[in-house]
Amino acid sequence: MSKLWVVGDSTLSCFDDKYYYPRYGYGTKLQEYLNDKVEVVNIALSGRSSLSFTKEENYDYLMNNMESGDFLLIGFGHNDEKAEIARFTSAIGDYKVKGSFANSLYVNYIEPARTAGVTPILATPIVRRKTKSSWDDVELHITKDNGEFKGGNYPEAVRGLARDMHISLVDMTSITKDFYEKLGVKETANLHAWSCNNIKSVDNTHTNEWGAYVNAFFVMKTIKELGINGLSEMVVDLTDYMPYPAKEKYLQANKDYKPVIFNPNLEDSKIFENIGDYKVTAFGDILTDANNVDFKASKEIIDSKESIRLAVANNMGKISNVTDGILFAFKQIDANTRFKLTAKIIVNDYFSNDQVSFGLMVRDDVYIDKNTADVLGDYVAAAPLLLTRKGDAINCFARRSGELVYGSKVRRAIDKKMVVNATLFSTEDGYGACFDDGDCITGGFDFKLTTVDPEHVYLGFFASRNADVTFTDIKLTIA
């Protein structure tokens with residue numbers, strides 16, 4: 001039995017969601033269109049680029065286990081375009097140009113596959129779902145320059161590589177673009193993940209189970225037409241699926257989904273005064289009733305600039321694996337708004353404890369002065385965690401589908417009296433976070449905060465468990 005290995009990003013990978021329409025990458029459905037003489041081994045990973053995937057155990061597993069007669073489907077692009085040193089590859093340049101997307105695909109995947117007697121197959125990235133009649137370049141993976149990171153046409157880089165190296169190509173960018181145009185903007189929402197049972201929560205990057213079936217069908221239909229020896233003849237008769245898998249059969253809501261009742265019309269706190277146009281609240285697993293003794297929020301003027309000081313004392317509040325309890329100064333903004341929030345953080349004091357944290361946060365839900373140990377909504381934080389590890393503390397983190405997701409490690413220990421910079425911003429696929437001089441993280445943060453409140457996100461500054469910090473030089477840009 002031969003194997004069809006599948007590498008790529010979240011548009012191909014597996015997920016374990018609690019969404020209404022959970023995320024499914026198309027790699028999870030390829031086996032449906034193959035007979036039992038080929039085994040699909042899907043090792044794609046969410047948030048990875050062709051470069052960053054090479055640092056993963058899954059890459060080592062591929063290199064050590066693919067064998068002559070196998071096939072390798074390569075589907076990157078969504079994250080190679082991200083302006084991060086750890087993930088970016090340039091769409092400019094052919095397979096001979098070091099640092100290019102084509103070179104990364106060639107050196108890291110095509111050359112090792114061919115050396116092992118494995119047949120490589122290239123796939124361009126699926127489109128991001130458009131929300132109006134026309135297409136934006138970013139939805140077609142055509143990017144602009146972003147500082148030192150040069151823009152370019154990522155699907156065309158894959159097409160050029162396929163031509164140069166005489167490799168079979170599945171042009172999923174063109175296929176999905178044409179298909180989405182035929183379906184129309186409204187209907188394409190049903191191909192995508194919904195984090196809650198409101199269409200406003202639709203994730204325009206990641207597909208649901210029906211979308212995965214459809215995209216896998218297009219991949220295998222193309223492979224059958226390409227006549228790839230040893231694989232094309234293993235594709236089952238697709239007649240029953242024509243012209244594409246039926247929505248009525250494959251669009252399935254999560255039977256375990258439980259809607260959350262949430263009121264976004266938030267009153268002002270009765271304990272904390274607003275600071276400028278930021279509301280202040282203490283909520284979640286704060287371990288006591290909200291009060292202004294254990295939780296203090298105040299306005300300060302630093303270098304003629306209005307600043308926000310947040311202090312949590314007496315071991316109250318926490319960031320843990322299962323719950324969070326924080327003091328939060330926030331704004332409610334539209335969930336689809338593109339934003340960038342930056343601030344300097346003066347670390348006045350903190351007690352070394354693994355549930356201490358402070359920084360910038362964007363989240364799905366907020367409660368006014370509410371003490372509860374219930375699991376709350378998801379969030380992304382430009383902040384450190386597990387500070388007892390000193391130089392091995394976590395740089396930026398998130399809660400996704402109720403579970404913590406870590407970014408990278410800090411580059412230096414975070415000590416009292418330090419001044420650090422933090423940035424939190426939205427991306428096409430989710431959010432990005434930067435803290436101190438550590439890596440800017442978007443990998444793993446490529447999800448929308450729309451499970452509880454599909455119309456808004458809550459953006460601002462937080463502190464938990466014995467942290468006393470001042471946020472100054474605050475800048476918020478909204479597009």
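Every read-out reported here was derived from the displayed coordinates using simple, explicitly stated rules and does not represent laboratory data. Being a predicted model, the structure only gives us computed values, none of them experimental. Cβ: placed from backbone, ideal geometry, glycine included. Neighbour counts: every protein chain shown.
Taken one residue at a time, the phi angles of segment 414-425 give Karplus couplings (6.51, -1.76, 1.60, θ = phi - 60°) of 8, 10, 4, 6, 6, 10, 10, 9, 9, 9, 9, 8 Hz. Gly and Pro are set to x. Relative to the first principal axis of the alpha-carbon coordinates of the chain, what is the inclination of helix 154-165, with its axis defined by its Cα atoms, in degrees from 0 to 90 and to the nearest 10? Around 30 degrees separate the two axes.
With contacts taken as Cα pairs under 8 Å and at least 6 residues apart, segment 279-478 reaches a relative contact order of 33 percent. In terms of overall dimensions, segment 2-250 has a Cα radius of gyration and Dmax of 17.1, 49 angstrom.
First measure r as the distance between the Cβ atoms of Leu183 and Asp392, then evaluate 1/(1 + (r/R0)^6) with R0 = 45 Å and state the FRET efficiency to the nearest 0.05. For R0 = 45 Å, the calculated efficiency reads 0.40.
Isolated cysteines in the chain, defined as those with no second cysteine Cβ under 4.7 Å, comprise Cys14, Cys196, Cys396.
The trypsin sites (Lys or Arg not before Pro) of segment 268-336 that meet both conditions, a loop assignment by DSSP and at most 13 other Cβ atoms within 10 Å of the site Cβ, are Lys270.
Per-residue extension of 0.36 nm, minus the Cα-Cα distance of Thr427 and Glu233, leaves a gain of 65.8 nm for this segment. Nearest 5 percent is fine: what portion of the DSSP beta bridges confined to segment 2-250 is antiparallel? Once the DSSP bridges in segment 2-250 are tallied, antiparallel ones form about 25 percent.
Work out, in µm²/s and without decimals, the Stokes-Einstein translational diffusion coefficient of the chain at 20 °C, 1.002 mPa s, Rh from Kirkwood over C-alpha pairs. Estimated diffusion coefficient is 91 µm²/s.
Here's how it looks for Val170: its modeled amide H is under 5 Å from those of Leu122, Ala123, Thr124, which are all 5 or more places away or on a different chain.
Taking every DSSP beta bridge that has both residues in the chain, what percent is antiparallel when rounded to the nearest 5?
80 percent
If you look at the Cα atoms of segment 393-454, you get an Rg and a Dmax of 12.7, 39 Å.
Rg over Rh for segment 1-136 works out to 0.98, both radii taken from alpha-carbon positions and Rh defined as the Kirkwood radius.
Restrict the search to segment 90-146; then list the trypsin sites (Lys or Arg not before Pro) that DSSP places in a loop and that have at most 12 other Cβ atoms within 10 Å of their Cβ.
Lys96, Lys98, Lys132, Lys144
Along the Cα→Cβ direction, 7 angstrom out, place labels at Lys475 and Ser304. What is the inter-label distance in nm? About 1.7 nm, to one decimal. The phi torsions of segment 288-293, fed into the Karplus equation with coefficients 6.51, -1.76 and 1.60 and a -60° offset, translate into couplings of 7, 5, 4, 7, 9, 9 Hz, rounded to whole numbers, with Gly and Pro shown as x. If the chain linking Met242 and Ala373 were pulled fully straight, counting 0.36 nm for each residue of separation and taking away their Cα-Cα distance, it would gain 42.2 nm. Cross-link partners for Lys270 among the aspartates and glutamates, with Cα-Cα distance under 12 Å and sequence neighbours closer than 8 places in the same chain left out: Asp369. Computed extension gain for Ser408 through Glu148, at 0.36 nm per residue and net of the alpha carbon distance, reaches 91.4 nm. For Gly77, the residues 5 or more places off, or on other chains, whose built amide H falls under 5 Å of its own are Ser50. On a 0 to 90° scale, report how tilted helix 172-183 is relative to the longest principal axis of the chain, with both axes built from alpha carbons and the result rounded to the nearest 10. So the helix axis and the longest Cα principal axis differ by about 80 degrees.
Listed values for segment 250-259 are Karplus-derived 3J(HN,Hα) couplings in whole Hz (6.51 cos²θ - 1.76 cosθ + 1.60, θ = phi - 60°), namely 10, 8, 10, 6, 5, 5, 9, 5, 10, x, and x replaces Gly and Pro.
Run the Debye formula on the Cα coordinates of segment 248-358, all scatterers equal and no solvent, and tell me log10 I(q)/I(0) at q = 0.15 1/Å. So the normalised log intensities work out to -0.82.
Divided by 2.2 N^0.38 Å, where N counts the residues, the Cα radius of gyration of segment 279-478 comes to 0.91.
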